[in-house]
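First the structure, in the form of structure tokens, and then the observations on it.
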Ligand code: FAD
Ligand code: NAD
């Protein structure tokens, strides 16, 4: 392998890196992208897509079980429902390979050179790539660090055996009888709920006083109720301590010091993710950091000239669409375009049951920023479409400036609200006012009507409540 040089070198082919590479290729920038694993990163291989595939399969199985147990209000019946998890995982893997080979083709089509191997930083312009012991140097005018993040491991619950990371949990070949989830955040609740629907007995151990503590209590209330009705045992203000001596249970301790021994065939540890910033020479660049994350400015520049960073390695929110937007922006900057981060909001969706969406500011965040707000809320119990979907729990809430009604934030919780994130994002990003949302005809019957009604409620005249 001869040494290579290029204008733009991207380390990491996750959603941040591969989008950056494709856009740079489109703009005619001579680009090389390096990854030690399959292209697509965490998101396509072991994150967003595999987890949503599992959630979908679990939801379908759960419906059939309800019918078989005579609990379907639709009058459906079924007999002897079974799931062959190996087939489910094979179906999921098929989606992953369709998407990752698609990314490979797009890189090729846009003239990007893909190099497989483990990158090691030599200096701010040069890396060494190791592929099975064969070494190759690549030098570049500009480097983009897009190495993402990895799961946080608890020292007293190291991954391996029955202690699973999210990656392990997304490739099991059988449903565990008893699953204990440590960490009631995004991943723990999404995957934990899926396994409950697949038939596991699930306990969630969460250190904070409620699950998804980053969302306000009104948003998590319908979720907490649903977790209970699904039979998921949620233990809050509880810390995991480690496996019991026989390795068959998890020992957890409550805030008041009470010990709990929880039977566990598998323990899924989902207590956050940390940046992939160590072990590959990045430290030698002595980049300015913010906590463990690489600090960036509004152009994703690090403290070293010619070195950019995008995606999870730059901190919260660690979301694929943020990484992609950063990647696209950096490619354009490298190609000579004038760009800076000017997004009003980054939508967040939690694919729990019910789903939660948040775009922009909550009322509390606006108040903390000293902005006087007016809010409008519309419950799904007043929405016909929600009833036809058998789920009228949840609501849509709009937060707008009190003075000119410009929408600052929109939150929703309910079955199927994930798809409303698009409309919410557009409204916030385009500076819509309550009057704009209220005056837009929303098709009937749709969950989106609750968005229009929330705007009307903010103006004081909702129709259907
Ligand atoms: P990554 O996707 O982590 O990619 C980094 C790449 O860098 C990897 O391919 C890695 O192999 C490579 N790399 C690292 N170090 C080196 C090195 N030294 N040499 C060569 N290559 C290297 N986000 C959402 O927005 N929506 C979701 O629904 C969602 N669900 C998720 C579910 C799960 C279970 C998990 C774990 C995450 C989920 N996320 C979700 C988060 C999302 O996956 C990340 O925010 C996103 O993948 C970050 O993209 P990235 O490009 O920064 O890094
Ligand atoms: P998280 O930050 O969402 O949740 C971690 C939870 O673990 C928190 O509620 C925290 O209080 C709890 N916790 C921490 N230490 C604990 C301990 N010792 N015992 C018990 N509880 C403990 O982290 P995650 O679920 O691992 O997800 C990581 C990141 O991945 C998220 O921040 C998000 O950015 C991304 N992600 C996004 C999506 C999505 O967009 N739908 C889905 C999955 C993951």
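Summary of computed values
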item	result
Filtered residues of the stretch 1-47 (kept if buried (at least 24 other Cβ atoms within 10 Å of the Cβ), under 30 Å from residue 91 (Cα atoms) and more than 19 Å from the chain's Cα centre (by Cα))	11, 20, 21, 33, 34, 35
Some residue of the stretch 429-449 being buried (at least 18 other Cβ atoms within 10 Å of the Cβ) and closer than 15 Å to residue 355 by Cβ	yes
Residues satisfying the stated conditions in the stretch 150-160, i.e. under 19 Å from residue 264 (Cβ atoms) and either at pLDDT below 95 or not in a loop (DSSP other than H, G, I, E, B) (or both)	151, 154, 157, 160
Qualifying residue in the stretch 42-63 (condition: modelled with pLDDT of 95 or more, farther than 22 Å from residue 188 by Cα and more than 16 Å from ligand 2 (Cβ to nearest atom))	no
The listed residue being buried (at least 18 other Cβ atoms within 10 Å of the Cβ), free of Cβ contacts under 8 Å to residues at least 60 places away in the same chain and either closer than 26 Å to residue 321 by Cβ or within 13 Å of ligand 1 (Cβ to nearest atom) (or both), out of 119, 53	53
Residues located in the stretch 122-149, provided they are part of a strand (DSSP E or B) and crowded, with 19+ Cβ neighbours inside 10 Å	127, 129, 138, 140, 142, 143, 144, 145, 149
Boolean, residue 379 is away from ligand 2 (no atom under 13 Å from the Cβ) and under 23 Å from residue 194 (Cα atoms)	no
Looking only at the stretch 181-204, and only at residues there that are assigned to a loop (DSSP other than H, G, I, E, B), surrounded by fewer than 24 Cβ atoms within 10 Å (Cβ to Cβ) and at negative phi, the one that is nearest to the chain's Cα centre (by Cα)	185
Answer residue from the stretch 168-180, given it is in contact with a strand residue (DSSP E or B) (Cβ under 7 Å, 6 or more places away or on another chain) and not in a strand (DSSP E or B) and is nearest to residue 89 (Cα to Cα) among those	169
Some residue of the stretch 100-116 being surrounded by fewer than 17 Cβ atoms within 10 Å (Cβ to Cβ), within 11 Å of ligand 1 (Cβ to nearest atom) and closer than 24 Å to residue 21 by Cα	yes
The stretch 338-371, residues that are within 21 Å of residue 430 (Cβ to Cβ) and under 15 Å from the mean Cα position of the chain (by Cα)	346, 347, 348, 349, 357, 358, 359
Breaking point among (1) surrounded by fewer than 16 Cβ atoms within 10 Å (Cβ to Cβ); (2) free of Cβ contacts under 8 Å to residues at least 40 places away in the same chain; (3) away from ligand 1 (no atom under 16 Å from the Cβ), for residue 67	(1)
Index of the failed condition, residue 145 passing every other in (1) in contact (Cβ under 8 Å) with a residue 40 or more places away in the chain; (2) within 13 Å of ligand 1 (Cβ to nearest atom); (3) farther than 30 Å from residue 251 by Cβ; (4) out of contact with any helix residue (DSSP H, G or I) (no Cβ under 8 Å at 6 or more places or on another chain)	(4)
Residue 264 vs. criteria modelled with pLDDT of 95 or more, surrounded by fewer than 21 Cβ atoms within 10 Å (Cβ to Cβ) and either more than 24 Å from residue 394 (Cβ to Cβ) or touching a strand residue (DSSP E or B) at 6+ places or on another chain (Cβ under 9 Å) (or both)	no
Sole exception among (1) touching a helix residue (DSSP H, G or I) at 6+ places or on another chain (Cβ under 6 Å); (2) within 10 Å of ligand 2 (Cβ to nearest atom) for residue 179, by number	(2)
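This table checks each residue for (1) closer than 21 Å to residue 355 by Cα; (2) under 27 Å from the mean Cα position of the chain (by Cα); (3) part of a helix (DSSP H, G or I).
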residue	(1), (2), (3)
386	yes, yes, yes
392	yes, yes, no
403	no, no, no
413	yes, yes, no
418	yes, yes, yes
422	yes, yes, yes
455	yes, no, yes
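Let's see how each residue does on (1) touching a helix residue (DSSP H, G or I) at 6+ places or on another chain (Cβ under 6 Å); (2) farther than 30 Å from residue 178 by Cβ; (3) within 16 Å of ligand 2 (Cβ to nearest atom):
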{"position": "237", "(1), (2), (3)": "no, no, yes"}
{"position": "243", "(1), (2), (3)": "no, no, yes"}
{"position": "248", "(1), (2), (3)": "no, no, no"}
{"position": "252", "(1), (2), (3)": "no, no, yes"}
{"position": "278", "(1), (2), (3)": "no, yes, no"}
{"position": "302", "(1), (2), (3)": "no, yes, no"}
{"position": "307", "(1), (2), (3)": "no, yes, no"}
{"position": "312", "(1), (2), (3)": "no, yes, yes"}
{"position": "324", "(1), (2), (3)": "yes, yes, yes"}
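Residue-wise test of (1) more than 15 Å from ligand 1 (Cβ to nearest atom); (2) surrounded by fewer than 18 Cβ atoms within 10 Å (Cβ to Cβ); (3) within 21 Å of the chain's Cα centre (by Cα); (4) in a helix (DSSP H, G or I).
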{"residue": "305", "(1), (2), (3), (4)": "yes, yes, no, no"}
{"residue": "308", "(1), (2), (3), (4)": "no, no, no, no"}
{"residue": "313", "(1), (2), (3), (4)": "no, no, yes, yes"}
{"residue": "318", "(1), (2), (3), (4)": "no, no, yes, no"}
{"residue": "321", "(1), (2), (3), (4)": "no, no, yes, yes"}
{"residue": "326", "(1), (2), (3), (4)": "no, no, yes, yes"}
{"residue": "329", "(1), (2), (3), (4)": "no, no, yes, yes"}
{"residue": "336", "(1), (2), (3), (4)": "yes, yes, no, no"}
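The values are calculated or read from the model by the stated rules, or taken from the named source; none is laboratory data. Computed from a predicted model, the values in this text were never measured in an experiment. Neighbour counts run over all protein chains shown; Cβ positions are idealised from the backbone, glycine included.
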